[in-house]
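Notes to accompany the following structure.
The values are calculated or read from the model by the stated rules, or taken from the named source; none is laboratory data. Keep in mind the model is a prediction, meaning the values are calculated, not measured. As a convention, Cβ positions derive from the backbone with ideal geometry for all residues, glycine included, and neighbour counts pool all protein chains shown.
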Amino acid sequence: MQQLRRGAAAGTLVLAVVLLVISAATAHNITKILAEHPEFSTFNHYLTTTHLAAEINQRTTITVCVVDNSAMSDLLSKHLSIFSVKNTLSLHVLLDYFGAKKLHQITNGTALAATMFQATGTAPGASGFVNITDLKGGKVGFALQDSEDIDAMYVKSVEEIPYNISVIQISKILPSEVAEAPTPSPSEMNLTGLMSAHGCKIFAETLQASDAAKTFQDNAIGGLTVFCPLDDVFKAFLPKFKNLTAAGKISLLEYHGLPVYMSMSMLKSNNGVMNTLATDGANKFDFVVQNDGEVVTLQTKVVTAKVTGTLLDEQPVAIYTIDKVLKPRELFKKEAPTPAPAPAPEEDKPADAPKSHSRRHKGPPAPAADSPADAPSDDDDDAADQTADGNGVARLDAWRFVLAGISGLAVHLLL
């Protein structure tokens, strides 16, 4: 009997661990949710086309206000650009959870909700907020904050995963002249001007003065992701940049761009090796995108940089700030750290001998010779990378220790 109880306890423990792992890995998928409702197929299609679906799937505590195919036809009849369609649909993604019950129990009868359009930073003023009003007779109305009328009515709840995602149907598209306004095409965007205005002026000016600028601009039409080092970072790197050959300078700048559009949610969900604008045949010029929770890093063979902010995320162009200059292994060689010299052995002293106050001071070790193909490697960056690598190993070992402990406990209960 005791053996049976131990077996049951071990089985329960293992099952609990499995369920914990499964629940942590499971996330909602708006595309799959709407795929079960054909009346929302057009709305679902444009969530995918505008890449809003991926961004929705990365968020929690969120409400998606969907409209049926007929209401979407009214929007599409305006022949908006795909960028304006994205802005309009992002107005229908509320950054809070509103299930059917909560909609009918709103405090004081009204609530103001921020939307994904407001979160992009492109919505002027408060144009990205939506008012939700609990009306008499059990009805709920939706309107933009600057609207004097109710723009749409609550129809029904489509899917609810409490406090994670709520999908509700509203009667029609929320009208917004701001969201529907024409947006400049990628070829008309002033990429360097945008970077200069948001902390990447030195990188932007260097890029503008280079032949690499045309490569960036040409790729903006089909898809482009830019990682621009912040001013302090690139300013410190300029002496090394100037030592590169003309071809090396162009390659390094192009190394900071991807020939595809990658939203932040896409960067987090598509870890792995990425080709860059500098990739050309035998010259790989690639790096690894890796995320740890909400932190996204770019790992070359020489340095690991962290994405620190978003300047633009509007398909087909995304621009992010990073805390280090990306240095490709094709131009820079990572050196092994120089071991510290062993201390000289001290002579034995009598126990009662006074301690000498004079001390021989060693000068700092001579810096190791730089060894890039075109420019030197940054020792500080290397040290930071080694620390980061060490932390990664520590995290892996910690998980192994936890799993080993669980397995050991299960075996003990069985015995």
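What the table shows:
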quantity: Unmet criterion (only one of (1) more than 24 Å from ALA152 (Cα to Cα); (2) in contact with a strand residue (DSSP E or B) (Cβ under 8 Å, 6 or more places away or on another chain)) for ILE33; calculated: (1)
quantity: Inter-residue pairs, beta-carbon under 8 Å, first of a type in the set (Gly, Ala, Ser) and in region 65-87, second outside any helix (DSSP H, G or I) and surrounded by fewer than 20 Cβ atoms within 10 Å (Cβ to Cβ), 6+ apart; calculated: ALA71/SER171; ALA71/LYS172; SER81/PRO182; SER81/THR183; SER81/SER185; SER84/ALA181; SER84/PRO182; SER84/THR183
quantity: Filtered residues of region 293-345 (kept if of a type in the set (Gly, Ala, Ser) and either surrounded by 17 or more Cβ atoms within 10 Å (Cβ to Cβ) or modelled with pLDDT of 95 or more (or both)); calculated: ALA305, ALA318
quantity: Test result for VAL226, assigned to a strand (DSSP E or B) and within 30 Å of HIS104 (Cβ to Cβ); calculated: no
quantity: Residue, nearest to the chain's Cα centre (by Cα), within region 86-101, restricted to residues that are part of a helix (DSSP H, G or I) and among the hydroxyl-bearing types (Ser, Thr, Tyr); calculated: SER90
quantity: Residue under evaluation VAL260, criteria (1) buried (at least 18 other Cβ atoms within 10 Å of the Cβ); (2) assigned to a loop (DSSP other than H, G, I, E, B), criterion not met; calculated: (1)
quantity: Flag if LYS240 is free of Cβ contacts under 8 Å to residues at least 24 places away in the same chain, in a helix (DSSP H, G or I) and basic (Lys, Arg); calculated: no
quantity: Subset of region 243-257 [part of a helix (DSSP H, G or I) and more than 14 Å from THR276 (Cα to Cα)]; calculated: ALA246, ALA247, GLY248, LYS249
quantity: Any hit, region 94-102, residues being among the hydroxyl-bearing types (Ser, Thr, Tyr), at pLDDT 95 or above and more than 30 Å from ILE319 (Cβ to Cβ); calculated: yes
quantity: Unmet criterion (only one of (1) small (Gly, Ala, Ser); (2) surrounded by fewer than 17 Cβ atoms within 10 Å (Cβ to Cβ); (3) under 25 Å from GLU36 (Cβ atoms)) for GLY109; calculated: (3)
quantity: Within region 282-329, strands (runs of 3 or more DSSP E) holding 2 or more residues that are closer than 19 Å to TYR261 by Cβ and either in contact (Cβ under 8 Å) with a residue 40 or more places away in the chain or hydroxyl-bearing (Ser, Thr, Tyr) (or both); calculated: 304-314, 317-322
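For every residue, the table says whether it meets (1) over 20 Å from THR120 (Cα atoms); (2) of a type in the set (Ser, Thr, Tyr).
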residue: ALA247; (1), (2): yes, no
residue: SER265; (1), (2): no, yes
residue: GLY293; (1), (2): yes, no
residue: THR304; (1), (2): yes, yes
residue: THR310; (1), (2): no, yes
